[in-house]
């Protein structure tokens, strides 16, 4: 699993804080499970999503790739405490 796997999907996706979403209302469920309950085809999209990928036992993205994606999304990872390595240093 990715060191980012513990973060809620709305943090990884950098969603607006005021945006209402089923995932925010049900933080104990995986977002892809919530959306596939509404639309079974949604899972096809979710399989390519960074949130889904980061939570797989064998994440195909390296820690560095995940960090770069988060930075490009405008997420400040410099203050995050991540498993296995502690604070992210940049």
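Return yes or no: is residue 11 assigned to a helix (DSSP H, G or I), out of contact with any strand residue (DSSP E or B) (no Cβ under 6 Å at 6 or more places or on another chain) and modelled with pLDDT under 85?
Answer is no for this residue.
Of the residues that make up the stretch 70-78, is at least one at pLDDT below 85, over 17 Å from residue 14 (Cβ atoms) and either in contact with a strand residue (DSSP E or B) (Cβ under 9 Å, 6 or more places away or on another chain) or part of a loop (DSSP other than H, G, I, E, B) (or both)?
So far as the stretch 70-78 goes, no, none of its residues is at pLDDT below 85, over 17 Å from residue 14 (Cβ atoms) and either in contact with a strand residue (DSSP E or B) (Cβ under 9 Å, 6 or more places away or on another chain) or part of a loop (DSSP other than H, G, I, E, B) (or both).
Got a number for residues in the stretch 15-56 being surrounded by 12 or more Cβ atoms within 10 Å (Cβ to Cβ) and assigned to a loop (DSSP other than H, G, I, E, B)?
Within the stretch 15-56, residues that are surrounded by 12 or more Cβ atoms within 10 Å (Cβ to Cβ) and assigned to a loop (DSSP other than H, G, I, E, B) number 8.
When only residues in the stretch 66-77 that are without any contact (Cβ under 8 Å) to a residue 60 or more places away in the chain and exposed (fewer than 14 other Cβ atoms within 10 Å of the Cβ) count, which is nearest to residue 2 (Cα to Cα)?
This residue is 68.
The values are calculated or read from the model by the stated rules, or taken from the named source; none is laboratory data. In this text, all values refer to a predicted model and were calculated from it rather than measured experimentally. Note that we place each Cβ from the backbone using ideal geometry, even for glycine, and neighbour counts take in every protein chain shown.
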